[in-house]
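Just below is one structure, and these are the notes that go with it.
The values are calculated or read from the model by the stated rules, or taken from the named source; none is laboratory data. For clarity, every value in this text was computed on a predicted model and none was experimentally measured. Please note: Cβ atoms are built from the backbone with ideal geometry, for glycine as well, and neighbour counts cover all protein chains shown.
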Amino acid sequence: MAEATNSLSGLRLWLAAESDPERRSNVRMMMGRRMKKLGMFGAARDMFDAALQETPNDPAIQRSLGLELFRAGRIREGLDMYDSGRWRMESFDKYRRDYPFPTWRGEPLQGRRLLLWAEQGIGDQIMQLRVLPQLLATGAEITLEADPRIKALLGPMTQRIKFVPQLVQLNQSISKAKYDFQTSMLSAWAYQRAPLDCGDCLTADASLVKQYRAAWKRLGDGINVGLSWRSSAKANGEERTLRLEDLRPLTLGPKARFHNLQYGEVDVEASSRAFGSALLTDPASDPLKDLTRQAAQIAALDLVITIDNATAHLAGALGKPVWIILPKGSDFRWGSLVKPMPLYPGQKLFRSGNIDDWSTCLWALFEAFNKFKPA
C-alpha cells in the first residue's frame, strides 16, 4: 500500500508537468491496473475515469472502467461502458457472435424471437446463464447458443428453449433463420431489474446425485467436501492458484472426506500426499468434456472449497455452499471487501490480505470450517 501511495505522489507531479493528454491517459491506465491488482478498487476506478477524460474514445479504458463500475454495483452503467469498449477491441473478436440480427437493447420480448449467445469460458457462461430464466419470463422465444456441456444442466428450461451447441464458426442454420433480436448473455444483464437474481438456476442429474451419496455413505460417517485449487487461465491463473499444502489444515477439522474437483490431469497419489489426506476421485468424470458427473458430484457434496475458477461458478449455480478463495486484486465479478457481489446464494468469500500471501484468508477459512455444519 505504501508503494502505491508513493507512486501516486510521483504520478501527480508528472501529470502536472506533462502536456500530452494521450501520454497522461496511458500513465493513468497503467496506474489504475496496478491499483486494481493491489485491491485499491475505488482508486483504480477513479484513475480509469480520469484516463477516459483525457482520451474519451479509448476502448481499453472504457472496458476497464466498465468492469470497475460493475464491481461497485453499478451494473447497468458498467455493462454499457464495458460493451462500448470491448466490442471495438481486437482481442474480443473471438468472443463476438456476429450474426445478422438487431442487437437487443431492452425492447419488449413478448412473442419475439431472441438469439441468446454465450461468450468466454465455461465458468463465465455458467455465471451469465442466470439471465435465461429471467428472459423466459418475458415470453420470448429463445434460442441459446452455448458450450455444449451446458445443455445437460438446464433442467426444465431445456424444454422451453432451442439449444444450439456453440462452435468456433458461426452456425449457418442460425444465420439463415429469422430472429427479432440477438444479444450475449452478459450484455442482457443490463436490461434486467435484478440481474444478480437466479444465480442458482442449474440442475444436476438427480439419479447420479443419489448414486454418489449412496456410495459415500457406505464409506462411513463424515461430511463430504470438494476441493479445487488450481487455475489454468492464461491471464491470471497463477495468481489465483493455491498449493494443496496450503489447505492441509482442513484435514485437522471436522471428520470429512475430501473429493477432487480439479479440472485437467491430476496426480491423485501425489496430490493426496501433499494435502495430507486421500482425495477421492471419480475417474469417469472429465469436466473438460462433459459436466454431467461433475455437477452431480458437486450437488451431492456438503461443501465446496475452491479458488476463483469454473468450479466456483458451477457449485454456486447448483445452489451449493461454496467457499471461494480470492486474491487481493480479485476479479470484478466478486465486488470488493467493503461491497461483495452476491453472485450466488451459497457463496462465502475469503479474500487475501496481501499479494502472494494467502495466510490471513486461509486461517479465517480454517476457523470457519471447524464450525461448519451441513444443512
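Assorted remarks:
- When residues of region 148-158 are limited to those that are without any contact (Cβ under 8 Å) to a residue 40 or more places away in the chain and surrounded by fewer than 16 Cβ atoms within 10 Å (Cβ to Cβ), the one farthest from L291 (Cα to Cα): T158
- Within region 111-136, residues that are at positive phi sit with their Cβ atoms under 7 Å from residues that are surrounded by fewer than 22 Cβ atoms within 10 Å (Cβ to Cβ) and of a type in the set (G, A, S), at 6+ positions apart or across chains, in these pairs: G111/G139.
- The numbered conditions (1) over 27 Å from L79 (Cβ atoms); (2) modelled with pLDDT of 95 or more are all true for Q172 except (2).
- Exactly one residue out of D98, D80 is closer than 30 Å to P133 by Cβ, assigned to a helix (DSSP H, G or I) and either in the same structural domain as K151 (by TED's automatic domain parsing) or in contact (Cβ under 8 Å) with a residue 24 or more places away in the chain (or both), and it is D80.
- Residues that are surrounded by 14 or more Cβ atoms within 10 Å (Cβ to Cβ), out of contact with any Phe, Trp or Tyr (no Cβ under 8 Å at 6 or more places or on another chain) and either of a type in the set (S, T, Y) or in a loop (DSSP other than H, G, I, E, B) (or both), drawn from region 346-359: G346, W358
- Test: residue in region 19-33 that is more than 25 Å from E145 (Cα to Cα), assigned to a loop (DSSP other than H, G, I, E, B) and acidic (D, E): yes
- Any chance I324 is in contact (Cβ under 8 Å) with a residue 40 or more places away in the chain, buried (at least 18 other Cβ atoms within 10 Å of the Cβ) and either in a helix (DSSP H, G or I) or of a type outside the set (D, E, K, R) (or both): no
- Hey, L69 closer than 28 Å to S232 by Cβ and either in a strand (DSSP E or B) or outside the structural domain of V338 (by TED's automatic domain parsing) (or both) or not: no
- Among the numbered conditions (1) of a type outside the set (V, I, T); (2) part of a loop (DSSP other than H, G, I, E, B); (3) crowded, with 18+ Cβ neighbours inside 10 Å, the only one that H259 does not meet is (2).
- Tally, over region 151-193, of residues that are within 12 Å of A118 (Cα to Cα) and among the polar types (S, T, N, Q): 5
- None of D180, D205, D197 is on the phi < 0 side of the Ramachandran plot and either among the aliphatic types (A, V, I, L, M) or in contact with a helix residue (DSSP H, G or I) (Cβ under 6 Å, 6 or more places away or on another chain) (or both) except D205.
- The numbered conditions (1) in contact (Cβ under 8 Å) with a residue 12 or more places away in the chain; (2) surrounded by fewer than 13 Cβ atoms within 10 Å (Cβ to Cβ); (3) not aliphatic (A, V, I, L, M) are all true for R218 except (1).
- In region 274-294, the residues that are among the β-branched types (V, I, T) and out of contact with any Asp or Glu (no Cβ under 9 Å at 6 or more places or on another chain): T281
- Residue within region 262-282 that is at pLDDT below 95, assigned to a loop (DSSP other than H, G, I, E, B) and of a type in the set (F, W, Y) present: yes
- Selection from region 233-253 of residues that are surrounded by 15 or more Cβ atoms within 10 Å (Cβ to Cβ), at pLDDT 90 or above and part of a loop (DSSP other than H, G, I, E, B): T241, L242, G253
- Per-region count, region 337-357, residues farther than 18 Å from F41 by Cα and modelled with pLDDT of 95 or more: 6
- Filter result for K162 (free of Cβ contacts under 8 Å to residues at least 24 places away in the same chain and over 23 Å from W87 (Cβ atoms)): yes
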